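Q: Here you go, one structure.
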Amino acid sequence: MTDNDPSRTDAARRADGEEVVRRMFGQDFLDRTMGGISQGDDALAAMVGFALEQCYGDIWTRPGLSPRERSLITLGILIAAGHPDELANHVRGARGNGLTREELAELALHSVPYVGFPAAGQAMSAILDAWAETGEA
């Protein structure tokens, strides 16, 4: 992907981000996301640009952690922060990075002593529901 050279252009960062999103979430997700930009909403275009260039183009392409490890870390952060909707999105992305349903359920269980039963239970529900949407057992 990239060595995060600070001289990279925004277009290169966006292309790297699109590649990460495509691998994690699929082309359909990328098309829907990019489709919002074509609706003429400047705020949405800016938000999508930040996500593609900074989050996925800069952070997710850094050396040092695999995409699989980055997914686990991201999911743990989202569980601790109490963001079940974004957690569900990243469950879908974690599949693209090779994580299994069992590993994701174990992640929710592992979070119990750190975030408590209500947050971990909410995370478990979000994980299992998002996984069920894929049609896989």
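The values are calculated or read from the model by the stated rules, or taken from the named source; none is laboratory data. Note that the structure is a prediction, hence the values are computed from the model and not measured. In this analysis, Cβ positions are derived from the backbone assuming ideal geometry, glycine residues included, and neighbour counts consider all displayed protein chains.
Q: Scan segment 86-102 for residues that are in a helix (DSSP H, G or I) and surrounded by 16 or more Cβ atoms within 10 Å (Cβ to Cβ) and report the count.
A: Here the count works out to 11.
Q: Here is a follow-up. With the condition kept exactly as written, say whether any residue in segment 119-132 is surrounded by fewer than 14 Cβ atoms within 10 Å (Cβ to Cβ) and part of a loop (DSSP other than H, G, I, E, B).
A: no
Q: Just to verify a result, which residue in segment 59-85, among those that are exposed (fewer than 15 other Cβ atoms within 10 Å of the Cβ) and touching a residue at least 40 places away in the same chain (Cβ under 8 Å), is nearest to the chain's Cα centre (by Cα)?
A: The residue in question is Asp85.
Q: The conditions are (1) touching a residue at least 12 places away in the same chain (Cβ under 8 Å); (2) under 30 Å from Ser7 (Cβ atoms), and Leu44 fails exactly one of them. Which is it?
A: (1)
Q: For Arg62, all conditions in the list (1) under 23 Å from Glu19 (Cβ atoms); (2) part of a helix (DSSP H, G or I); (3) among the charged types (D, E, K, R) hold save one; what is the number of the exception?
A: (2)
Q: Quick check, is Thr100 modelled with pLDDT of 90 or more, within 25 Å of Ala130 (Cα to Cα) and not charged (D, E, K, R)?
A: Yes.
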